[in-house]
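Asks: Sharing a structure here in structure tokens format.
The values are calculated or read from the model by the stated rules, or taken from the named source; none is laboratory data. Predicted model only: the values in this text are computed from it and were never measured. Every residue, glycine as well, gets a Cβ built from its backbone with ideal geometry; the counts of neighbours run over all protein chains shown. Only protein heavy atoms, including side chains, enter the accessible area calculation; ligands, DNA and RNA are left aside. Shrake-Rupley method; radii C 1.70, N 1.55, O 1.52, S 1.80 Å.
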4 protein chains.
Amino acid sequence: MRDKTNILKEETSVPNTLKDARAELALANRIVANEGVIDAFGHVSMRHPGDPNRYLLSRSRAPELVTHEDLIEYDIDSKPLRDPQTGQYSERVIHGEIYKARPDVNSVCHHHCPAFMPLLATGTDYVPVFHLGAVGGIKPPYWDQQDEFGDTNMLVVKPEEGASLARALGQNWIVLMKRHGVTVAGTSVKDCVFRSIFSARNAEYQVRALSIGGNVASLTPGEAELAGQISRKTTGLVRSWEYWSMRVAKSGGMPGAARPIPKPKAKPAPKTRKGAKSRRR
Amino acid sequence: MRDKTNILKEETSVPNTLKDARAELALANRIVANEGVIDAFGHVSMRHPGDPNRYLLSRSRAPELVTHEDLIEYDIDSKPLRDPQTGQYSERVIHGEIYKARPDVNSVCHHHCPAFMPLLATGTDYVPVFHLGAVGGIKPPYWDQQDEFGDTNMLVVKPEEGASLARALGQNWIVLMKRHGVTVAGTSVKDCVFRSIFSARNAEYQVRALSIGGNVASLTPGEAELAGQISRKTTGLVRSWEYWSMRVAKSGGMPGAARPIPKPKAKPAPKTRKGAKSRRR
Amino acid sequence: MRDKTNILKEETSVPNTLKDARAELALANRIVANEGVIDAFGHVSMRHPGDPNRYLLSRSRAPELVTHEDLIEYDIDSKPLRDPQTGQYSERVIHGEIYKARPDVNSVCHHHCPAFMPLLATGTDYVPVFHLGAVGGIKPPYWDQQDEFGDTNMLVVKPEEGASLARALGQNWIVLMKRHGVTVAGTSVKDCVFRSIFSARNAEYQVRALSIGGNVASLTPGEAELAGQISRKTTGLVRSWEYWSMRVAKSGGMPGAARPIPKPKAKPAPKTRKGAKSRRR
Amino acid sequence: MRDKTNILKEETSVPNTLKDARAELALANRIVANEGVIDAFGHVSMRHPGDPNRYLLSRSRAPELVTHEDLIEYDIDSKPLRDPQTGQYSERVIHGEIYKARPDVNSVCHHHCPAFMPLLATGTDYVPVFHLGAVGGIKPPYWDQQDEFGDTNMLVVKPEEGASLARALGQNWIVLMKRHGVTVAGTSVKDCVFRSIFSARNAEYQVRALSIGGNVASLTPGEAELAGQISRKTTGLVRSWEYWSMRVAKSGGMPGAARPIPKPKAKPAPKTRKGAKSRRR
């Protein structure tokens, strides 16, 4: 089994080139989408591995379709380094302002996961109801754009809106955006993906527990502290990343396997004679 | 990336030929089906791009199977322009009467989406619980066929039933049909699909929020007004349409890729010798 | 479009040969399984098209795997006409006793659909919350094996147990078996499948409506009577059967396409040289 | 049909070689994962068929990816017989301590199935709400790591933690781990898989029943005793195992069919000329 172990080590080591980092970020986008955390909207970014004052984020595109070629390089003020000549995510300041405020954060995910929506619509606090839910902490902070900015279209598009959200996040790993969504931070892309998915799973379980009434038990602060360290151990990150990657591959959604979407044809192609066709094959 | 941008612009421009419009409408039917808004029943139509007094709607067929060849041309009174010599949707007056009453509407979707059913069965008002839910407005109107027409089979088949529903819709974008389903209007096929899917997502989140009790927060009127304009911006429509199209393609359901359903065989084909078979290939 | 219409007519006409009937029944088993009504357990039968005192039912096998070759011919007392030399469903008397009691019934489905379970566990009455739910009637009867037979393993295996269930069914189309499952009757295989699937959908919607509290509205008796006739019209049956068949085909589960399940290999095949492999193809 | 019967008998006979046993255990891991009982975490083990003081468990890997090559041989104190030179499950003492305490148990499954989470978060007792739910018994015991060990990371990693859990299990077949997950025991791998899946299905139904209020009915002790014997009959195990295997095969997840996950490519391959490509094929 030595060979396999080596392969795993190689796969999970910190990407040491920008090329690998970009490939990892593209796959991260597809993983969170494939796991139901993100749909057409939402995004995952990473701090530039070679320059802490830059970050990488896809052009305006559904995360499940993102490839390394879609990634745009932004400075810390969320200005693209080069004119991308394409549509950009309007909410990119979420990423830039968190990277500015939190030097320990190297990846950010913003989403509107269905599992969280019942909490966000009712202002119910998130609590970890099992060990893996500890990645979100106990009662992480809420933020409501209305409080500071009044009526908006709810999108976090101005630098001051992003900065306000980053302040609300504080030293936590997730911040709940009332009547909107969630923003998750991580020390690495894999850590951010792990936190995004397992906090969403925990939210799902908590909501279903609330729906049957009774008291929903939380981990204790001590348990949450200790269980929260699981994601920092390589073994759990490796196992889950391999699992989620396999699921992306099964769905036909690997970045390397991405094929152009066939356009609906207005007219079916004329039938070729069977003989002719099989000859050509 | 200039090329990609051009491709995107081309894809999302208003279809300028009837052929493209028909292909778009077939795909729209498959998208709403693939996203779980419609099952065997329900339908999406579009106003004829060349004649505001006509509209296009599939023959009686599950939307996930519709191709451009299934589309029938109707006049504004929901009479087919030519004898279609095939089964027609009995509820087509829903479409015709809304096109008659609302010149700004160019596409209509009627469905019985599971996400809405708990609201429709209890008469609970729909409220946007996140920004994309604003596509349905705040507390859109309810309509109950029983009120005006007494006991029926609940299908909207008579012109006066369709006209009554269109009156209830008024200047809104969705109307809730108690103990039946929902009808959604849009300024274009893409707008109608966007409204159909995101209002269904919002209904799902609202229902789950209601199931845990507590007060379910709505967007404010100001927020709903501003967030409701998101779907009018090209970028959101493009991103989500590309995403949903990819999902249809992944499921093997692209109109152009549609193959005849294999009939169950009563008798398995006789086994050919392996050698013979591979020779024939 | 004349051709298409003819094809549709042909497809939905009553199967006029035993061979076609057996193929239809195999597909019916796969449809209800593929739609989530049945899992490893449950079954669909049909009255023998040539002899009202016989019926056809699969050998003991998960319905999603049933082929026409698995069907066993039973007499009205649920005795196989020939020694099947294979395992049989222990609950086949459900089918036989209903065929005995109800000459108008030509197909029976027994299942433990998740959608119904919350009703069956709490004894909550089923009510149609939308027009297609009318296929189950208003408040169909409940039956509890405990009432007449005391402690059993809950399976309906004795003729008297089946007869008791048939009496409870009476002139209804579905009977709810408390803490067990549901049995559905139909005038034909397609009618039985239609009733099984849409009553399950309705149960799902009703349960979700109950979970948000409030009063769940039922169709009125007049509406239920009129809407209940929808399934007797060919158009609805055709449309939904084609849709469900397409979904079975998409899942790779068509009877004619059934391939033997690959066995897990204890040893991976030795790698062939690439060149050699492509030559053999 | 004689042939088919023979094949079935062969497939379900107790594996008489270690090679077959290892293949069965790999498939068992994939089945419980594919049925939604296990995700990236959780595991299924079996007692060594040739030595009751040993057991087989995968290296640290998501169960849906496990092959026979991943299995590690452990002694009854959960020490690997050979240095596995790879990551191991930290919670393996769950398995070892149950094998130590329960000579009649030959397979163990530990999981965090979503269906159980609402019960585990609220401390609600599990009750069988339909016959197949009897595999979990009536009100099986609860265990909370906090009670005996105070604040931990919730993982069962020390031998004394595993022994405590085994004591809580007692003579039952499942034990509920509050704010964590479930551990299931079985007389064989197939029995353990059957109990794991159907207890999870029952939990799902019970939770949904609780969400609509009202009294949730349990099987009586007599019914549970009789219905609990269903899984000991070969016919039910055979039917469900074949069904679940087919579903693994459909998902492309058969151990024998496992292919290496394609890595995302940082650079698309240069396009080959069409002619050249088809020649090479």
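Asks: Calculate for the protein assembly as shown the 222 nm mean residue ellipticity that helices alone would give, adding -39,500 (n - 2.57) per DSSP H run of length 4 or more and normalising by residue count, nearest 500 deg cm²/dmol.
Replies: Here the helix-only value at 222 nm equals -12500 deg cm²/dmol.
Asks: Tell me which residues come under 5 Å, amide H to amide H, from B:GLY87 once H is placed; ignore anything under 5 positions away on its chain.
Replies: HN-HN under 5 Å from B:GLY87: B:SER60.
Asks: I'd like the antiparallel share, as a percent to the nearest 5, of DSSP beta bridges with both residues in chain A. The partial results should precede the final answer.
Replies: Values: 22 of 24 bridges.
Counting only bridges with both partners in chain A, antiparallel ones make up about 90 percent.
Asks: Compare the Cα positions of A:PHE116, A:LEU56, C:ALA224 along the charge dipole of the protein assembly as shown (+1 at Cβ of Lys, Arg; -1 at Cβ of Asp, Glu; about the Cα centre) and return the one farthest towards the positive end.
Replies: Of the options given, the answer is A:LEU56.
Asks: Provide the gained length on full extension for the span D:THR187 to D:ARG232, in nm with one decimal, where the gain is 0.36 nm per separating residue minus the Cα-Cα distance. Please list the in-between numbers first.
Replies: Values: separation 45, 0.36 × 45 = 16.20 nm, distance 0.91 nm.
Contour length minus the Cα-Cα distance gives 15.3 nm.
Asks: With the Cα gyration tensor of segment B:193-242 giving a ≥ b ≥ c as the square roots of its eigenvalues, does the rule (a/c under 1.5 for rounded; else a/b larger than b/c for prolate; else oblate) give rounded, prolate or oblate?
Replies: On the way: a/c = 3.84, a/b = 1.63, b/c = 2.35.
Oblate is the answer for segment B:193-242, as a/c is 1.5 or above yet b/c matches or exceeds a/b.
Asks: Along the axis that rotates chain B into chain A, which residue of chain B has the nearest beta-carbon, and what is the gap in whole Å?
Replies: Value returned for chain B: B:SER211, 3.
Asks: Per residue of B:152-163, what is the mean number of Cβ atoms on other protein chains within 10 angstrom of that residue's Cβ?
Replies: 3
Asks: Now, a different point. Which value, in debye to the nearest 20, gives the size of the charge dipole of chain D about its Cα centre, when Lys and Arg are +1 and Asp and Glu are -1 at the Cβ?
Replies: Details: 40 positive and 30 negative charges, 503 e Å.
Dipole of chain D, to the nearest 20 debye: 2420 debye.
Asks: Further question on the same structure: Structure shown: which of D:LYS158/D:LYS233; C:LYS158/D:LYS100; B:LYS79/C:LYS233; B:LYS158/C:LYS139; B:LYS19/B:LYS233 lie over 32 Å apart, alpha-carbon to alpha-carbon? Intermediate results must be reported in sequence, preceding the final value.
Replies: Working: D:LYS158/D:LYS233 36 Å; C:LYS158/D:LYS100 42 Å; B:LYS79/C:LYS233 21 Å; B:LYS158/C:LYS139 30 Å; B:LYS19/B:LYS233 25 Å.
Over 32 Å apart, Cα to Cα: D:LYS158/D:LYS233; C:LYS158/D:LYS100.
Asks: At B:SER90 and C:ASP125, where each label point lies 7 Å from the Cα along Cα→Cβ, what is the point-to-point distance in nanometres?
Replies: The modelled label-to-label distance comes out at 2.6 nm.
Asks: One decimal, nm, shortest first: give the distances between the label point of B:ARG82 and those of the same position in the other copies, each label point 7 Å from Cα along Cα→Cβ.
Replies: For B:ARG82, the other copies' label points sit at 5.2, 5.2, 7.4 nm, shortest first.
Asks: What's the magnitude of the charge dipole for segment B:104-225 around its Cα centre, counting Lys and Arg as +1 and Asp and Glu as -1 at the beta-carbon? Answer in Debye, nearest 20. Write down the numbers at each step before the final one.
Replies: Details: 9 positive and 12 negative charges, 67 e Å.
Dipole of segment B:104-225, to the nearest 20 debye: 320 debye.
Asks: Under a 5 Å amide H to amide H cut-off, with H placed in plane at 1.01 Å, what residues pair with D:ASN106 once short-range neighbours are removed?
Replies: Placed amide hydrogens put D:GLY186, D:THR187, D:SER188 under 5 Å from D:ASN106.
Asks: I'd like the accessible area for D:ASP77: 1.4 Å probe, protein heavy atoms, all chains in place, Å² to the nearest 10.
Replies: 80 Å²
Asks: Let me ask something else about it. If you take each beta carbon of peptide D:36-46 and count the beta carbons of other chains within 10 angstrom, what is the mean? Let's see the in-between values first.
Replies: Numbers: counts 0, 0, 0, 9, 15, 8, 0, 0, 0, 0, 0.
Counting other chains' Cβ atoms within 10 Å and averaging over D:36-46 gives 3.
Asks: Just to verify a number: FRET efficiency for D:GLU69 and D:THR17, C-beta to C-beta distance, R0 = 22 Å, to 0.05?
Replies: On the way: r = 16 Å, r/R0 = 0.74.
For D:GLU69 and D:THR17, the calculated efficiency is 0.85.
Asks: Give me the accessible area buried between chains B and C, both sides summed, with a 1.4 Å probe, in Å² rounded to the nearest 100.
Replies: Working: alone 15460 and 15480 Å², together 26510 Å².
Roughly 4400 Å².
Asks: Something else about it: Hey, if you put +1 on the Cβ of every Lys and Arg and -1 on every Asp and Glu Cβ in chain A, which of A:ILE72, A:MET254, A:GLY133 ends up farthest toward the positive end of that dipole?
Replies: A:MET254
Asks: State whether the protein assembly as shown is rounded, prolate or oblate according to the following rule on the C-alpha gyration tensor (a ≥ b ≥ c being the square roots of its eigenvalues): a/c under 1.5 gives rounded; otherwise a/b larger than b/c gives prolate, and the remaining case gives oblate.
Replies: It is rounded, given that a/c, with a ≥ b ≥ c, falls under 1.5.
Asks: Roughly speaking, to the nearest percent, how much of segment C:194-258's 1.4 Å accessible area is carbon and sulfur?
Replies: On the way: 1100 of 2110 Å².
Carbon-and-sulfur percentage of accessible area, whole number: 52.
Asks: Just to confirm the numbers: C:GLY150, label point 7 angstrom along the Cα-Cβ line, distances to the other copies in nm, shortest first?
Replies: With the label placed 7 Å along Cα→Cβ, C:GLY150 yields 5.5, 5.5, 7.7 nm.
Asks: Could you tell me the accessible area of A:ARG54 in Å² (1.4 Å probe, neighbours in place), rounded to the nearest ten?
Replies: 80 Å²
Asks: Right, next: So what is the accessible area of the protein assembly as shown per residue, in Å², with the probe set to 1.4 Å? Mind dumping the intermediate values first?
Replies: On the way: 44050 Å² over 1124 residues.
For the protein assembly as shown, the solvent-accessible area averages 39 Å² per residue.
Asks: If you don't mind, there's one more thing I want to ask. Applying 1/(1 + (r/R0)^6) with R0 = 25 Å to the Cβ-Cβ distance of D:ARG54 and D:GLU225, what FRET efficiency is obtained, to the nearest 0.05?
Replies: 0.15
Asks: For segment D:208-218, just list the computed ³J(HN,Hα) in residue order, Karplus coefficients 6.51, -1.76 and 1.60, θ = phi - 60°, integers in Hz, with x standing in for Gly and Pro.
Replies: 5, 5, 4, 6, 9, x, x, 8, 8, 7, 9
Asks: Please list, ordered by chain and number, the residues whose modelled amide H lies under 5 Å from the amide H of D:ILE72; skip anything fewer than 5 residues away on the same chain.
Replies: Under 5 Å from the amide H of D:ILE72 lie the amide H atoms of D:LEU57, D:SER58, D:ARG59, each far enough along the sequence or on another chain.
Asks: What is the average number of partner chain Cβ atoms found within 10 Å of a Cβ in C:201-209?
Replies: Working: counts 4, 2, 0, 4, 8, 4, 5, 15, 9.
That average works out to 6.
Asks: Please state the shape class of segment C:16-61: rounded when a/c is under 1.5, otherwise prolate if a/b exceeds b/c and oblate if not, all from the C-alpha gyration tensor. Write out the running numbers ahead of the final one.
Replies: Working: a/c = 2.77, a/b = 1.80, b/c = 1.54.
In terms of gyration-tensor shape, prolate.
Asks: To one decimal in nm, how far is C:PRO221 from the same spot in the other copies, if labels go 7 Å from Cα toward Cβ? Please give the shortest first.
Replies: 4.5, 4.5, 6.4
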